[in-house]
1. What are the residues of region B:174-202 that lose 20 Å² or more of accessible area, with a 1.4 Å probe, going from their chain alone to all protein chains?
2. Just counting partner chain Cβ atoms within 10 Å, what average do the residues of peptide A:101-109 show around their Cβ?
3. Can you give the charge dipole size of region B:118-235 about its Cα centre, rounded to the nearest 20 debye, using +1 on the beta carbon of Lys and Arg and -1 on the beta carbon of Asp and Glu?
4. Of the cross-linked pairs A:K23/A:K106; A:K106/B:K97; A:K45/B:K181; A:K45/A:K76, which ones have a Cα-Cα span greater than 29 Å in the structure shown?
5. Ordered by packing density, taken as the mean number of other Cβ atoms within 10 Å over each peptide's residues, highest first, how do A:129-136, B:160-167 rank?
6. Provide the per-residue ³J(HN,Hα) series for region B:76-90, in order, calculated from phi with Karplus coefficients 6.51, -1.76, 1.60 and θ = phi - 60°, each as a whole number of Hz, with x at glycine and proline positions.
7. How well do other chains shield peptide A:66-74, expressed as the mean number of their Cβ atoms within 10 Å of each residue Cβ?
8. Could you pull out every residue, at least 5 positions away or on a different chain, whose amide H is within less than 5 Å of the one on A:L156? Hs are placed 1.01 Å off N in the peptide plane, and Pro or chain starts have none.
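The values are calculated or read from the model by the stated rules, or taken from the named source; none is laboratory data. Source: prediction; values computed, not measured. Using ideal geometry, Cβ is built from the backbone for each residue, glycine included, and neighbour counts are taken over all protein chains shown. Accessible surface is based on the protein model in full, side chains and every heavy atom, while ligands, DNA and RNA are left aside. Shrake-Rupley method; radii C 1.70, N 1.55, O 1.52, S 1.80 Å.
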Amino acid sequence: MKNPIIEISHLNFSYEAASPVLKDVDFSVLRGQSGCIVGPNGGGKSTLLKLLLGLLTPTGGSIRLFGETPERGRLKVGYMPQYHLLDPAFPVTAYEVVRTGRIGLKTSRREEKTRVTAAMDELGIGHLADVSFAGLSGGQRQRVLIARALVCEPELLLLDEPTANIDPGAEEQFYATLASLRRRMTVLTVSHDLGFVSRETDLVICVNKFVSIHEAGNFTAETANAVYHHRVGLIKHEHDCFCHCHHPEDEK
Amino acid sequence: MNFFPGIFIAPEFGFLRRALLFGLLAAPALGIVGTLVVTRRIASLAGASAHAALGGMGIALFLARVCGISAATPMLGAICGAVGAALIVGIVTLHGKEREDTVIGVVWALGMSVGLIFLDRTPGYVDWQGYLFGNILLLSKTDLMSMALLDAVLIPPAVLGYRKILALSFDPDFAAIRGIKVEAYYLTILALTALTIVLLINLVGIILVIALLTLPAATAGCFTRRLKSMMFAAALLAALFVAGGIAGSVALLLPTGPVIVVAAGIIYLAALAVRRFARR
């Protein structure tokens, strides 16, 4: 059996003691699986991502990334945030953005340049190297951030709302890129787009304070409706993943 | 003797030469720190720090004259007030649940008020207008050496740690994921911003120091697409604004600080207009 890349056990998190954001979350993701984290706004998707990346500390339970703490394991993670949350006026070129993805790796300047150029060429943005990040379109900025995430040669790629705020043409281009990335690494995506679930994932990780995991093929409109209306109570145990999900309101 | 050549040799214009040299020494610090303040959008935080410097100055003068603590110099008080305020606001921003703008407003007003109360209760003459609006006559050799020292502290890490500074300024979360100690860097930037502010107080005063810190960088930002270019251009512009402002104020018999800021403000507005026109 493949080793889990992500192991979450009895995870709890709250910004304020009285209102938990995530409660008793248990799940694992195995190497090679691609997952999509879905759920309503405020359900805890971004919080779960930040916990995975070690940007927040759990109030209970544990997270293991590659068998280590998130602070150590995250160096093997490529992360793409939502591009529109970054300062559009910041003075930085596309090449410089991608190059920051090599921070923390001890390589020669020549090798670094080769890797950065290769990542940009792979994403079809090599010709934009000297263009200001502010001067790029939404789709181009998104590809710059994917190149930044890939340039450290990660084993796990985390994408936060990759299809938000980009035009349909860029979206199709992104799906093509994602399909090729899935062949060589584990990809976990946060998305509102339920169409995304059916196209690009093996697992659906439903987050709405509680977490449940479904195989993408079994994730129906009814399931989505249940997640979005806080009625996630089903516990599934699939062949490649397992989850443990309670919802007290369903048990009443 | 012609006036402008005269200021470079005449003994009675020693204070002007000192002010010009101070301005040139301040330029690298203004370029580096000003660019970080503008790009990280922490100008209001820097403003709170500047006004808290007055609180520190007031307390230090009071301690020196009333309690006889000679070590409590205005400069030391200003450093404690400004750096302390910057770190308090920085830590609240990172960890607190309070609204950042409210905390900045409180520190801003509190620092100013405490300073004015202590200055009022300090016996003897106090040039509080000099603290608020600057007075180039107050610039001493110690100020020149302090500014040179600040440059020496700022320039090497800005050059050697440029990529990390770029990463944490552009996307702090990503920088943290790549192993950069973002909080430590952020608080260091705030402390260095506060020190820069304190050293500039004698030149332009507490009220105008934020303008001098931000206008060169903001002007440079209109025409640059790299952080390092923005820092370099901001340093050149800062030198130009300070030298031009001092020369202008002497020639027109106007207060130096406001002339520097008005010149910088006009050029910034012109830069905005040029950029807008160029984009059409």
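1. SASA drop of 20 Å² or more in region B:174-202: B:F174, B:A176, B:I177, B:R178.
2. Other-chain Cβ atoms within 10 Å of each residue's Cβ, averaged: 3.
3. I would put it at about 480 debye.
4. From A:K23/A:K106; A:K106/B:K97; A:K45/B:K181; A:K45/A:K76, over 29 Å: A:K23/A:K106; A:K106/B:K97.
5. So the order, starting with the most tightly packed, is B:160-167, A:129-136.
6. 5, x, 5, 4, 4, x, 5, 5, x, 5, 4, 5, 4, 5, x
7. Numbers: counts 0, 0, 0, 0, 1, 3, 1, 0, 4.
So the per-residue partner count for this stretch is 1.
8. The answer is A:G78.
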